[in-house]
């Protein structure tokens, strides 16, 4: 192939992003082709919609398969360029004055034909330089693919941590409102204690927010470290064959060392300490009622509202079906229609449970369901070996310690409020904002069997 033809051939097999021969080429929707690493780095910031770097056309396909034919042509182009450069002095054997066309796997050196037959190399495995270089490029591409998957995983964690930070800040703001309302209702508590509680919440929330922000920062650094390693391997792939082969062990060991030294950051679990509210149990016991749960049954399906079910390892706000196991369900034979009422329920023997009040309950031989309208529940579920506390109407994760013993339920029917308390810690878990009840409210408890 003459020089002009070779230049045209190589120009057609050149990535317009890196201006090198295609490396693991992919062809996107508009028909243009690019190196997969180049396209990944170009689109890594998640631009929407994704556009072709060359024609700016929209590309809707999220992932692309390697263009095998183009990959083979790019390999041939690299080989043609290497063959064209064989006349350079650094590729001529000083001893035999012949071109170095072989690579010794054992000694990691370039050899000419006569050198490969010498006693010190004759027993070793030899392969043409181009083939050895292409095999090493494939190793680098596999390592790059692994790095990119790790980068995508940490990006998901980073997004979740950022969302958790915002949710937590909103929750802190809402919790301030709840605490103020709680102190207004409980006239026996002193104003000084209210101020102390709010100041402690502010201080604790600030510390947790700092931890969350620090976690986001660490995850961002980890993501960038993965990206930099990915870039370094990309640059290594574009090096000439001889330089690539002579530095392959160093580059791979450096990457493995960096991955060993960098520890993947773990997400923060934001949890506010339980602040006791003085005298609230004494006051609420003035409205205590016993035996509020007079009906009990065992069912295999406990549908809490129109969409969600009580099940292990479900997200507390997710809409899913139960994953097996039975539930012990208890509820009141009649509902409250006025006044203030307080009762306590023991959940110490169950890891997943739901309790509260609701407007209506529907039962059958093997299942029980609760109408979504006017249902006020506190719920504990297990998610990836971690217990999550949440409430309904609307669904909201509670960033407080999970109660391990009795839970107090206070229904103020006339003022339209339902509140939950951790009896052991004498603290507020959650208080629904006031809303007018339009029908009797029935006490409810559902315990998932161990």
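The values are calculated or read from the model by the stated rules, or taken from the named source; none is laboratory data. Values in this document were obtained by computation on a predicted structure and should not be read as measured data. Don't worry about glycine lacking a Cβ; one is built from the backbone with ideal geometry, like all the others, and counts go over all protein chains shown.
Here are the numbers:
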{"quantity": "Subset of the stretch 32-66 (residues that are out of contact with any helix residue (DSSP H, G or I) (no Cβ under 9 Å at 6 or more places or on another chain), surrounded by 10 or more Cβ atoms within 10 Å (Cβ to Cβ) and either in a loop (DSSP other than H, G, I, E, B) or in contact (Cβ under 8 Å) with a residue 60 or more places away in the chain (or both))", "calculated": "32, 52, 54, 55, 57, 61"}
{"quantity": "Search result, residues across the stretch 94-122 that are farther than 29 Å from residue 230 by Cα, under 51 Å from the mean Cα position of the chain (by Cα) and not in a strand (DSSP E or B)", "calculated": "100, 101"}
{"quantity": "Residues satisfying the stated conditions in the stretch 346-370, i.e. buried (at least 16 other Cβ atoms within 10 Å of the Cβ) and over 17 Å from residue 299 (Cα atoms)", "calculated": "347, 356, 357, 358, 359"}
{"quantity": "Top-ranked residue of the stretch 346-368 - restricted to ones that are under 32 Å from the mean Cα position of the chain (by Cα) and in a strand (DSSP E or B), ranked as nearest to residue 449 (Cα to Cα)", "calculated": "353"}
{"quantity": "Tally, over the stretch 401-422, of residues that are surrounded by fewer than 17 Cβ atoms within 10 Å (Cβ to Cβ) and in contact with a strand residue (DSSP E or B) (Cβ under 6 Å, 6 or more places away or on another chain)", "calculated": "2"}
{"quantity": "Residue count for the stretch 136-145, restricted to those that are without any contact (Cβ under 8 Å) to a residue 60 or more places away in the chain and either loosely packed, with under 14 Cβ neighbours inside 10 Å or in contact with a helix residue (DSSP H, G or I) (Cβ under 6 Å, 6 or more places away or on another chain) (or both)", "calculated": "2"}
{"quantity": "Selection from the stretch 429-450 of residues that are over 19 Å from residue 349 (Cα atoms), within 32 Å of the chain's Cα centre (by Cα) and not in a strand (DSSP E or B)", "calculated": "432, 433"}
{"quantity": "In the stretch 181-217, residue nearest to residue 159 (Cα to Cα) [restricted to those that are buried (at least 17 other Cβ atoms within 10 Å of the Cβ) and under 18 Å from the mean Cα position of the chain (by Cα)]", "calculated": "216"}
{"quantity": "Within the stretch 371-396, tally of residues that are in a strand (DSSP E or B) and either on the phi > 0 side of the Ramachandran plot or surrounded by fewer than 17 Cβ atoms within 10 Å (Cβ to Cβ) (or both)", "calculated": "4"}
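One line per residue, one yes/no per condition, for (1) part of a helix (DSSP H, G or I); (2) assigned by TED's automatic domain parsing to the domain that holds residue 399; (3) at pLDDT 80 or above:
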site: 249; (1), (2), (3): yes, no, no
site: 255; (1), (2), (3): yes, no, no
site: 268; (1), (2), (3): no, no, yes
site: 284; (1), (2), (3): yes, yes, yes
site: 290; (1), (2), (3): no, yes, yes
site: 297; (1), (2), (3): no, yes, yes
site: 307; (1), (2), (3): no, yes, no
site: 312; (1), (2), (3): no, yes, no
